[in-house]
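Worksheet: the structure to be examined is printed underneath.
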There are 2 protein chains.
Amino acid sequence: MVHEVVINDAFDRDAAITPQIYRILRERIIKNDLPPGSKLSEPELARHYEISRQPVRETFIKLSEEGLVIVRPQRKTQVTKIDFPTVLQSRFVREAVEADIVSELAGSADRALIKDLRSQLKNQLKVAKTSRPDFINEDTKFHRTLAEAAGKEIAWKFLEGLNSQMDRVRFLSLGQFPAEQLVEEHGKIVDQIERQDATQASAAMRKHLRRLINDLPKIVRENKEFFDRFDPELIDA
Amino acid sequence: MVHEVVINDAFDRDAAITPQIYRILRERIIKNDLPPGSKLSEPELARHYEISRQPVRETFIKLSEEGLVIVRPQRKTQVTKIDFPTVLQSRFVREAVEADIVSELAGSADRALIKDLRSQLKNQLKVAKTSRPDFINEDTKFHRTLAEAAGKEIAWKFLEGLNSQMDRVRFLSLGQFPAEQLVEEHGKIVDQIERQDATQASAAMRKHLRRLINDLPKIVRENKEFFDRFDPELIDA
DNA sequence: TCTCGTAAACTTCCATACAAGTCAACAAGA
DNA sequence: TCTTGTTGACTTGTATGGAAGTTTACGAGA
């Protein structure tokens, strides 16, 4: 079940080309406009966007390091399937790091932060009922706010790299699961931070991020052709 | 205080060029053969290794994503200084993830694993007295073994990306701090895994990885010109 | 002496040609 | 029919020339 999404493929001929073509291709892959297995050809994409092979090639390099494409020299370049173990372990890393982040936050008790978060919660509830892509943006913002409040901007950038794989899953599951529940969990995390209970705060975050594990089998079953190395055995941690 | 290190710059003209030049330059940067601030020039390096500019350029792209160099279009490409906040937050991420890894391991209690680890401990003690670079390799192997035993190979690969910054610090601190103490801490981690005490195991790992925080100010003070954005205030978490 | 404009010497970025490897179609022969 | 070798159309990797931007040196003029 692939949903219609908007791809921003605006192109400015006067700006640097490589970052633009990278952004476009990355977005097309994550939003499943270029589904797993799609063959990408340097000369073909170069013709399509009316540029030379070089920027396309450099984009392939970046995407391959992100695990979004695989370059087989002299053979071809393909969009990777979503690697199941990678998604699970990305989630594992996120849980470990974000649990420690909220644990730190619970020790500081910043009034302004709490206020900001509560304001975000309201907004989340509003968009939860209307637009799923908008909710994804709000959700990302919430987690980023926590990281930055703990002075972990750089660590968050690391996590974003992992998220490219998890985001592909999120766009597959558009409209699948009730966003209201996620907002409720966010609320509990904020509550525990406010109470300055580090243990409970990190526990709430862990529970929240483990939700993906529950949803994953359903998403995989409904999109088998998009996944690779699916193994139910791996789910139990 | 920069130490002499061996750079493996063997070059096979028949194999793909880009991966080789990437490996060589990365190693030279991490081992401070190319210290922070060094100017890198596409044509100059191409001439030096008798290849074309193209593989050099692609290597620049990869290194810049790793944060080891910064490419300023139309200006120049330089080896970055070691970014102090990045080092701290890389360590923070490692602690969070590795603490959870040993926590999982303590729940499984794999006899073969314990045996392997104890064997590694002996070896660590041996090389600790002779070669510091060898010890670094053994240390890395120990942590990787833990990650793989927990089925977290992919998460480990991710951590390795972070390590490129921390490794630069490690090569600066060659011979600074007694490796025997690190081995002892490794031993305590293994002990707690064997006892199947998840809480104590992760605590031991956290304590072990926090050692870097203690050593860091001294390393920075002795290598001020290699660091950027040093701020003692950031050290207290 | 100081300011400012110019030109030359760099830098990376992009385009293009060719090299080398892979694969698929197809025909010849058993 | 099956096997096998050849050929050609692909693929990505590498080399190289030129475009566009930046910095630096330097001299003219005040």
Check your understanding: Based on what the data block shows, is A:LEU45 in contact (Cβ under 8 Å) with a residue 12 or more places away in the chain and away from DNA strand C (no atom under 14 Å from the Cβ)?
Key -> no
Study note, to complete from the structure: Pairs returned, first residue in region B:72-98 that is within 16 Å of DNA strand D (Cβ to nearest atom), second residue that is part of a loop (DSSP other than H, G, I, E, B) and not small (Gly, Ala, Ser), beta-carbon separation under 9 angstrom, 6 or more apart or interchain, are B:GLN78/B:PRO36
Point to revise | Members of region B:39-61 that are touching a Lys or Arg at 6+ places or on another chain (Cβ under 6 Å) and either of a type in the set (A, V, I, L, M, F, W, C) or away from DNA strand D (no atom under 12 Å from the Cβ) (or both) | key: B:ALA46
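Quick grid of which residues meet (1) within 14 Å of chain A (Cβ to nearest Cβ); (2) within 20 Å of the chain's Cα centre (by Cα):
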{"residue": "B:GLY67", "(1), (2)": "yes, yes"}
{"residue": "B:THR86", "(1), (2)": "yes, yes"}
{"residue": "B:SER108", "(1), (2)": "yes, no"}
{"residue": "B:LYS141", "(1), (2)": "no, yes"}
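Mind listing just one residue for me: the one in region A:1-49 that is among the β-branched types (Val, Ile, Thr) and more than 14 Å from every other protein chain (Cβ to nearest Cβ) and, of those, surrounded by the most Cβ atoms within 10 Å (Cβ to Cβ)?
Here the answer is A:ILE29.
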Exercise for review: Please indicate, with yes or no, whether at least one residue in region A:51-59 is within 14 Å of chain B (Cβ to nearest Cβ), within 15 Å of DNA strand C (Cβ to nearest atom), surrounded by fewer than 17 Cβ atoms within 10 Å (Cβ to Cβ) and closer than 22 Å to B:ALA16 by Cα.
Suggested key: yes
Review point. Which number in (1) closer than 30 Å to B:GLU233 by Cα; (2) touching a Phe, Trp or Tyr at 6+ places or on another chain (Cβ under 9 Å); (3) at pLDDT 95 or above marks the one condition that A:LEU121 misses?
Key: (1)
Study note, to complete from the structure: The residue from A:ARG168, A:ARG229 that alone is at pLDDT 90 or above and surrounded by fewer than 16 Cβ atoms within 10 Å (Cβ to Cβ) is A:ARG229
Review point. Out of all the residues in region B:157-167, which are more than 9 Å from chain A (Cβ to nearest Cβ) and hydrophobic (A, V, I, L, M, F, W, C)?
Key: B:MET166
Exercise for review: Could you check, for region A:189-198, whether at least one of its residues is touching a Gly at 6+ places or on another chain (Cβ under 8 Å), over 23 Å from B:GLY151 (Cβ atoms) and modelled with pLDDT of 95 or more?
Suggested key: yes
Review point. Do you know which residues across region B:113-150 are of a type in the set (A, V, I, L, M) and assigned to a helix (DSSP H, G or I)?
Key: B:LEU113, B:ILE114, B:LEU117, B:LEU121, B:LEU125, B:VAL127, B:ALA128, B:ILE136, B:LEU146, B:ALA147, B:ALA149
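The values are calculated or read from the model by the stated rules, or taken from the named source; none is laboratory data. Keep in mind the model is a prediction, meaning the values are calculated, not measured. Every residue, glycine as well, gets a Cβ built from its backbone with ideal geometry; the counts of neighbours run over all protein chains shown.
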